[in-house]
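What follows draws every value from the coordinates through simple rules; no lab data is involved. Nothing here was measured: the structure is a model prediction, and the numbers come from that model. Note that we place each Cβ from the backbone using ideal geometry, even for glycine, and neighbour counts take in every protein chain shown.
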Amino acid sequence: MSNRLDHPFAQPPAHAQPIEVAPGILWLRMPLPFQLDHINLWLIEDGDGWTLVDTGFADDATRALWGRVFDDGLRGLPIRRIVSTHFHPDHIGLAGWLAERWGVELWTTQAEWLYARMLSQDSGEATVEWQVEFYRRAGFEGEMLDLTRRRGNVYRSRVVPIPVSLRRIGAGSILRIGGRDWTVIIGTGHSPEHASLYCAEDDILISGDQVLPKISPIVGVWPQEPEANPLQCFLASLDVFRPLPRGTFVLPSHGLPFRGLHERLDQLSCHHDARLAETLEACRDSITGKRLLDVLFRRPLDDHQVFFAIGESLAHLHYLMNRGEIQREQRADGVQLFRKT
Ligand SMILES: [Zn+2]
């Protein structure tokens with residue numbers, strides 16, 4: 001996809017060595033143990049301390065790097081507040097650890113906090129069995145089903161215990177951080193109640209995962225809500241950002257900060273249109289969600305990626321099914337097939 005975005009910073013900062021991207025706003029990079037190998041966190045000057053936006057993944061590497069930031073990355077000032085954009089482990093994984101370390105509260109939306117609490121505590125065998133059944137219906141067989149069972153609840157291993165209470169933010173909430181007001185903008189489709197933060201005075205958007213410059217945010221159907229239509233939610237959420245000014249400086253959770261928000265919204269929308277067209281074409285023959293992976297992802301997927309990919313595949317199928325363009329039928333063995341209407 002051609003990319004006409006303007007990136008004022010050509011290079012990301014080294015891990016644990018924050019750089020200033022706007023007055024009083026630091027860009028902090030942390031690693032991720034996946035092909036997507038990093039996350040951007042933001043430290044915003046907040047009086048005599050910092051408000052931190054997102055926390056990094058709960059592994060030893062990130063904790064060790066945080067130790068270095070505590071020593072010399074915070075200009076001698078404490079973290080006063082933690083904001084998480086959403087429940088994914090790279091965004092909220094260390095919230096409990098950081099909250100305890102600094103004696104501060106976690107601010108996030110109610111649905112994201114509830115999801116994080118729920119998934120981090122669910123140790124039930126019934127959940128794992130339901131996951132196996134969900135992916136079996138989508139077309140997984142043999143080794144893939146064994147892998148699903150072995151994985152169990154991976155979320156629990158990627159976060160430390162989520163804080164037992166929250167400071168709730170929601171659509172239109174205004175956070176006063178230092179000298180700036182930040183308005184909460186809610187997006188859905190990537191996660192249930194994703195919070196982006198927009199400062200109108202300086203025209204800066206902390207977009208979280210809702211708008212990313214290079215990759216398309218994951219939009220997937222997951223076992224918790226097998227009939228969901230998250231792509232419809234995601235595409236509608238893109239429009240929520242269109243009223244922002246054309247020059248908005250976007251601070252995303254992955255990739256480089258950029259200008260060109262509206263171009264990017266158009267690109268993301270076009271990307272899904274193209275994938276929906278491919279999906280519809282593939283549904284000339286009856287097809288499972290698993291089989292559609294070969295059409296949508298023309299590359300080998302590792303054991304981590306394949307679960308995101310199947311979620312994406314089902315999201316495109318459900319979107320078309322809800323529009324009446326394809327229909328679903330169930331084989332005698334429970335496997336679900338989709339075919340053009
Ligand atoms: Zn995410």
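Report the far tail of the P(r) of region 19-260, meaning the percent of Cα-Cα pairs longer than 30 Å.
More than 30 Å apart: 25 percent of the Cα pairs in region 19-260.
What net charge is computed for the residues neighbouring Cys233, neighbours being all others with C-beta under 12 Å from the C-beta of Cys233, Lys and Arg scored +1, Asp and Glu -1?
Net local charge, Cys233 excluded: -3.
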Review point. Ranked by Cβ crowding within 10 angstrom, fewest neighbours first, how are Lys214, Lys340, Lys290 ordered?
Key: Lys214, Lys340, Lys290
**Study point:** Cβ-Cβ FRET estimate between Arg4 and Leu36, R0 fixed at 30 Å, reported to 0.05
**Key:** 0.85
**Study point:** Rounded tilt (10° steps) of 305-322 against the dominant C-alpha axis of the chain
**Key:** 70 degrees
Check your understanding: Where does the chain land at 222 nm, in deg cm²/dmol rounded to the nearest 500, when only DSSP H runs of n ≥ 4 count, each adding -39500 (n - 2.57), divided by all residues?
Key -> -11000 deg cm²/dmol
**Study point:** Footprinting exposure proxy for Thr51, Thr85, Thr341 (fewest neighbouring C-beta atoms within 10 Å first)
**Key:** Thr341, Thr51, Thr85
Exercise for review: Any chance you could give the angle, 0 to 90 degrees and rounded to 10, that helix 110-121 forms with the longest Cα principal axis of the chain?
Suggested key: 70 degrees
Check your understanding: Cα convex hull of region 212-335: mean projected area in nm², to one decimal?
Key -> 8.8 nm²
Check your understanding: By count of other Cβ within 10 Å, fewest leading, how are Tyr135, Tyr198 ordered?
Key -> Tyr198, Tyr135
Revision key, fill the gap. In degrees rounded to 10, the 0-90 angle between helix 230-240 Cα long axis and the longest Cα principal axis of the chain is 40 degrees
Check your understanding: Which value, to two decimals, describes the C-alpha radius of gyration of region 1-160 once divided by 2.2 N^0.38 Å?
Key -> 1.21
Exercise for review: DSSP loop (so not H, G, I, E, B), at most 10 other Cβ within 10 Å: list which GluC sites (Glu not before Pro) in region 208-286 pass both filters.
Suggested key: Glu227
Revision key, fill the gap. So, with points 7 Å from each Cα along the Cβ direction, the Arg339-Gln327 label distance in nm works out to 0.9 nm
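Taking every DSSP beta bridge that has both residues in region 90-196, what percent is antiparallel when rounded to the nearest 5?
Just about 70 percent of them are antiparallel.
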Review point. Share of antiparallel DSSP beta bridges in the chain, in percent to the nearest 5?
Key: 70 percent
Check your understanding: Contour minus end-to-end for Ser165 and Glu20, with contour as 0.36 nm per residue of separation and end-to-end as the Cα-Cα distance?
Key -> 49.1 nm
Exercise for review: Find the percent of Cα-Cα distances in region 108-149 that exceed 17 Å, and round it to a whole number.
Suggested key: 46 percent
